[in-house]
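Take a look at the structure below.
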Amino acid sequence: MTTSETSARRRTGRPSAVRGAVGTVCALLALAATLAGCGSDSGDDAGAPAPAAPSRTAERSPASPTPTKASSSPSPSPTAVKPMKPSTPAELRACADGSCTVVVTKGTELPRAAGLGAGPFTVSAVAAGGVDLTSVDASGFTSNLLGQRPDQGGPSTVNELSIAVLAIAEDTAKLRLFPAEH
């Protein structure tokens, strides 16, 4: 075989090798694209439509041989509960030491907890979306606690006073005031 024949063979042999490698790469890319569309949750798909929620069927799973029965009395949502009886002025005055549990409505005033450097507070709103509290101290500094809810992950703290919303029922809310933990 001459040098030119060998070069020609190499050239004819290379395209098929290149085509084979390109074909393999294309097949791998197609497989990766298919798998990426099947439940990948890498967070790189901003702007892509959210996947549809899987539907649940009434099939029994082997891990759960008996179906669970729905509760005969579902727990009411905070807005479905009847309003609570608001605290009396005497009960509200007890909050001056920074430790009390009271039921408030819009317009309720909580006294200053002087020992904890917080208050007085005025309840500016009570609704299903949360409780709003406003405080203006002697220097005129205003603190706003907006949208306070029982499920927010913990109490809010102003200086040394913590305020937790325990429940909201229509236009009433149960609050617990206590010294902040350090």
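The values are calculated or read from the model by the stated rules, or taken from the named source; none is laboratory data. These numbers were taken from a predicted model, which means no experiment stands behind them. Cβ placement follows ideal geometry from the backbone for every residue including glycine, while neighbour counts extend to all protein chains displayed. Quick note on the areas: whole protein, heavy atoms, side chains included, nothing else; ligands and nucleic acids left out. Shrake-Rupley method; radii C 1.70, N 1.55, O 1.52, S 1.80 Å.
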**Request:** Consider only pairs whose beta carbons are under 9 Å apart and that are at least six residues apart or on different chains; among these, list those whose first residue lies in region 143-158 and is part of a loop (DSSP other than H, G, I, E, B) and whose second residue is open to solvent by 70 Å² or more (accessible area, probe 1.4 Å) and among the charged types (D, E, K, R).
**Result:** 150/174; 155/176
**Prompt:** Among (1) open to solvent by 50 Å² or more (accessible area, probe 1.4 Å); (2) without any contact (Cβ under 8 Å) to a residue 24 or more places away in the chain; (3) closer than 13 Å to residue 106 by Cβ, where does residue 120 come up short?
**Reply:** (3)
